[in-house]
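Asks: Please see the structure below; I have some questions.
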Amino acid sequence: GENVEQHPSTLSVQEGDSAVIKCTYSDSASNYFPWYKQELGKRPQLIIDIRSNVGEKKDQRIAVTLNKTAKHFSLHITETQPEDSAVYFCAASIKLIQGAQKLVFGQGTRLTINP
Amino acid sequence: DSGVTQTPKHLITATGQRVTLRCSPRSGDLSVYWYQQSLDQGLQFLIHYYNGEERAKGNILERFSAQQFPDLHSELNLSSLELGDSALYFCASSPQTELTEAFFGQGTRLTVV
């Protein structure tokens, strides 16, 4: 299968609190999992990614965890700030024929940080 | 700035018409991916080109076609346009066919009236 399920669809947190977004994937061959942030009317911006040979990766206030056995990965944002408000997309790589790959995206999470 | 350039930024056209969207990948990237994003929807994969060759097709309509030229820029051609084709069209580039970092262009907002 090529499904990527993302939850929740909307998330509202108080400034300074943490936010967690979760995704599950169905293709056990997936080996690359990026997260994108998209502000209204703008391009998706790569914020962090993880490969299947790593369980966790952190970049300042952002971290991603991967559980290959359960086929799920999560985005953690700590000490949230108003500028973190955006739609966040997870994605998983899907291997196609002849070595080609594509990214399949989750449906997105609209994160709102309340001051 | 991602280094991926898309033109035009906005396009308004009538039903039944044909348009061409252009994408220039980051310097050194050989792969170009096209995605469609409808209002409040996720990103739907359309097609992938690597070094001038088509490598994968997604949910791309027969009215749509694409190509990648020797200088590695890509064009997405949309014909016999319908109202439902109104969407944001993004291209993304990455260095090889093995996905590493895929960076998106700023998108073309197509409105069919």
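The values are calculated or read from the model by the stated rules, or taken from the named source; none is laboratory data. For clarity, every value in this text was computed on a predicted model and none was experimentally measured. Virtual Cβ from ideal backbone geometry, glycine too; neighbours counted across all protein chains shown.
Asks: Filter region A:69-96 for residues that are of a type in the set (D, E, K, R) and either without any contact (Cβ under 8 Å) to a residue 40 or more places away in the chain or part of a strand (DSSP E or B) (or both) and give the result.
Replies: A:Glu83, A:Lys95
Asks: Go through region A:25-44 and give me each residue that's crowded, with 16+ Cβ neighbours inside 10 Å, more than 10 Å from the chain's Cα centre (by Cα) and of a type outside the set (Asp, Glu).
Replies: A:Tyr25, A:Ser30, A:Asn31, A:Tyr32, A:Gln38, A:Arg43, A:Pro44
Asks: In region B:25-43, what residues are in a strand (DSSP E or B), in contact with a Ser or Thr (Cβ under 8 Å, 6 or more places away or on another chain) and touching a residue at least 60 places away in the same chain (Cβ under 8 Å)? Break it down stepwise before answering.
Replies: Step one: filter region B:25-43 for residues in a strand (DSSP E or B), giving B:31-37, B:43.
Restricting the remaining residues to those that are in contact with a Ser or Thr (Cβ under 8 Å, 6 or more places away or on another chain) gives B:31-34.
Hits for region B:25-43 are B:Ser31, B:Val32, B:Tyr33.
Asks: Here's another thing I want to ask about it. Out of the residues in region A:21-43 that are in contact with a Leu (Cβ under 7 Å, 6 or more places away or on another chain) and modelled with pLDDT of 95 or more, state the one that is farthest from A:Phe73 (Cα to Cα).
Replies: To start, the set of residues in region A:21-43 that are in contact with a Leu (Cβ under 7 Å, 6 or more places away or on another chain) comprises A:21, A:32-36.
From the residues that got through so far, the ones that are modelled with pLDDT of 95 or more too are A:21, A:33-36.
Working: A:Ile21: 9, A:Phe33: 8, A:Pro34: 10, A:Trp35: 10, A:Tyr36: 14 Å.
This residue is A:Tyr36.
Asks: Across region B:44-79, what is the total count of residues that are without any contact (Cβ under 8 Å) to a residue 24 or more places away in the chain, over 10 Å from the mean Cα position of the chain (by Cα), within 14 Å of another protein chain (Cβ to nearest Cβ) and not in a loop (DSSP other than H, G, I, E, B)?
Replies: 5
Asks: Could you list, in sequence order, all residues of region B:80-113 that are assigned to a strand (DSSP E or B), surrounded by 18 or more Cβ atoms within 10 Å (Cβ to Cβ) and either within 14 Å of chain A (Cβ to nearest Cβ) or modelled with pLDDT under 95 (or both)?
Replies: Once the filter is applied, which keeps residues that are assigned to a strand (DSSP E or B), surrounded by 18 or more Cβ atoms within 10 Å (Cβ to Cβ) and either within 14 Å of chain A (Cβ to nearest Cβ) or modelled with pLDDT under 95 (or both), region B:80-113 yields B:Ala87, B:Leu88, B:Tyr89, B:Phe90, B:Cys91, B:Ala92, B:Ser93, B:Ser94, B:Phe103, B:Phe104, B:Thr108, B:Leu110.
Asks: Within region B:1-22, how many residues are over 18 Å from B:Phe104 (Cβ atoms) and surrounded by 16 or more Cβ atoms within 10 Å (Cβ to Cβ)? Even if it seems obvious, please write down each step before you answer.
Replies: Taking region B:1-22 as the starting set, the residues that turn out to be over 18 Å from B:Phe104 (Cβ atoms) are B:12-20.
With the extra rule that they be surrounded by 16 or more Cβ atoms within 10 Å (Cβ to Cβ), the set shrinks to B:13, B:19.
Qualifying residue count for the region: 2.
Asks: If you take the residues of region A:65-115 that are of a type in the set (D, E, K, R) and more than 14 Å from every other protein chain (Cβ to nearest Cβ), which of them is surrounded by the most Cβ atoms within 10 Å (Cβ to Cβ)?
Replies: At the first step, the residues of region A:65-115 found to be of a type in the set (D, E, K, R) are A:68, A:71, A:79, A:83-84, A:95, A:102, A:110.
Restricting the remaining residues to those that are more than 14 Å from every other protein chain (Cβ to nearest Cβ) gives A:68, A:71, A:79, A:83-84.
Working: A:Lys68: 14, A:Lys71: 16, A:Glu79: 11, A:Glu83: 8, A:Asp84: 19.
So, considering only residues that are of a type in the set (D, E, K, R) and more than 14 Å from every other protein chain (Cβ to nearest Cβ), the one surrounded by the most Cβ atoms within 10 Å (Cβ to Cβ) is A:Asp84.
Asks: Which of the strands (runs of 3 or more DSSP E) found entirely inside region A:1-63 contain at least 2 residues meeting this: of a type in the set (Val, Ile, Thr)?
Replies: Fully inside region A:1-63 and qualifying: A:10-14, A:19-25, A:45-51.
Asks: Further question on the same structure: For the structure I just gave you, tell me whether A:Lys58 is away from every other protein chain (no Cβ under 11 Å), basic (Lys, Arg) and farther than 18 Å from A:Ile113 by Cβ.
Replies: It is true that A:Lys58 is away from every other protein chain (no Cβ under 11 Å), basic (Lys, Arg) and farther than 18 Å from A:Ile113 by Cβ.
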